[in-house]
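What follows is a single structure, written as structure tokens, with notes after it.
Where a number appears in this text, it was derived from the coordinates with a stated rule and is not lab data. None of the values given here were measured: they were computed from a predicted structure. Glycine also receives a Cβ, built like all others from the backbone with ideal geometry; neighbour counts cover every protein chain displayed.
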Amino acid sequence: MAIETLPFDAAQYLDTAESQAELLSDAFETGDPAYITAALGVVARARGMTQVAKDAGVTREALYKALSAEGDPKLSTLLGVVKALGVSLTVTPA
């Protein structure tokens, strides 16, 4: 008998600003661009991609493309998304 699996979407479980910020903090601490992009995408989906795109000043399609596995968002897009998500970036010595 084959095991039936269902797709997993972390966005369904990140329902608080704190849990979303924790994921983003972890992603930025790694410095891994793919993880950062994926984490931003998960949080954007959790918040509602259409509203995040509007608040970030980009189209929904452009936001999906920028935050996809093949995406490489411009700095202006990254900063717009961060602002739209209501989080801030800080810099500390490594």
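Here is how the numbers come out for the structure above:
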{"item": "Segment 56-94 - residue that is over 13 Å from the mean Cα position of the chain (by Cα) and among the acidic types (Asp, Glu) and, of those, surrounded by the fewest Cβ atoms within 10 Å (Cβ to Cβ)", "result": "Glu70"}
{"item": "Residues being surrounded by fewer than 16 Cβ atoms within 10 Å (Cβ to Cβ) and either in a helix (DSSP H, G or I) or in contact (Cβ under 8 Å) with a residue 24 or more places away in the chain (or both) - total across segment 30-55", "result": "7"}
{"item": "Test set (1) over 13 Å from the mean Cα position of the chain (by Cα); (2) buried (at least 19 other Cβ atoms within 10 Å of the Cβ) - Thr5 fails condition number", "result": "(2)"}
{"item": "Qualifying positions in segment 64-94 - closer than 21 Å to Tyr13 by Cα and not small (Gly, Ala, Ser)", "result": "Tyr64, Leu67, Val81, Val82, Leu85, Val87"}
{"item": "Residues of segment 35-55 satisfying the condition of being of a type in the set (S, T, N, Q) and within 10 Å of the chain's Cα centre (by Cα)", "result": "Thr37"}
{"item": "Residue check for Ala27: in a helix (DSSP H, G or I) and in contact with a Phe, Trp or Tyr (Cβ under 6 Å, 6 or more places away or on another chain)", "result": "yes"}
{"item": "Hits in segment 8-24 (condition: polar (S, T, N, Q) and either part of a loop (DSSP other than H, G, I, E, B) or loosely packed, with under 13 Cβ neighbours inside 10 Å (or both))", "result": "Gln12, Thr16"}
{"item": "Looking only at segment 58-92, and only at residues there that are in contact with a Gly (Cβ under 7 Å, 6 or more places away or on another chain) and assigned to a helix (DSSP H, G or I), the one that is nearest to Thr37 (Cα to Cα)", "result": "Lys65"}
